[in-house]
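Data first, discussion second: the structure below is written as structure tokens.
The values are calculated or read from the model by the stated rules, or taken from the named source; none is laboratory data. What you see is a predicted model; the values in this text were computed from it and never measured. Glycine also receives a Cβ, built like all others from the backbone with ideal geometry; neighbour counts cover every protein chain displayed. Side chains included, ligands, DNA and RNA excluded: accessible areas come from the protein's heavy atoms. Shrake-Rupley method; radii C 1.70, N 1.55, O 1.52, S 1.80 Å.
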Amino acid sequence: GEPAVTTSTFGQLELVYTLLDPGADSGDAYTHQGEEAGVVLRGQLRLWVDGEEFALEAGDSFSYPSHLPHRYLNPGDEVTEALWAVTPPTY
């Protein structure tokens with residue numbers, strides 16, 4: 001599914017609530033300014049940061065500088081639910 005995002009006209013932090021269908025991914029690795037952090041609330045998340053692969057499950061958290069190439073995928077057979085914190089806001 002498409003990410004549902006908070007909207008704000010001020011501040012430097014954005015929260016992004018994401019539901020990823022099985023097999024859904026972010027596409028090719030990308031970069032941008034800032035930092036990202038988050039937690040997997042349900043399901044599985046495969047995360048690649050600067051070529052390194054991480055297999056995450058519900059309860060796992062992550063963080064990385066966004067200038068490193070990154071991408072993600074739901075490798076499981078159920079919906080993945082995750083909450084991301086992004087700075088600066090990108091949506």
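Some notes on this structure:
- Residue count for the range 43-59 satisfying the condition of being among the charged types (D, E, K, R) and crowded, with 16+ Cβ neighbours inside 10 Å: 1.
- Residues in the range 53-91 that are among the polar types (S, T, N, Q) and assigned to a loop (DSSP other than H, G, I, E, B): Ser66, Asn74, Thr90.
- Any hit, the range 50-62, residues being modelled with pLDDT under 95 and on the phi > 0 side of the Ramachandran plot: no
- Selection of the range 18-40 for residues being closer than 15 Å to Leu73 by Cα and exposed (fewer than 15 other Cβ atoms within 10 Å of the Cβ) yields Asp21, Pro22, Gly23, Asp25, Gly27, Asp28, Ala29, Tyr30.
- Tabulated pairs, the range 58-72, first under 10 Å from Tyr30 (Cβ atoms), second open to solvent by 20 Å² or more (accessible area, probe 1.4 Å) and of a type in the set (Ser, Thr, Tyr), C-beta under 6 angstrom, 6+ apart or interchain: Pro69/Thr31; Arg71/Ser26
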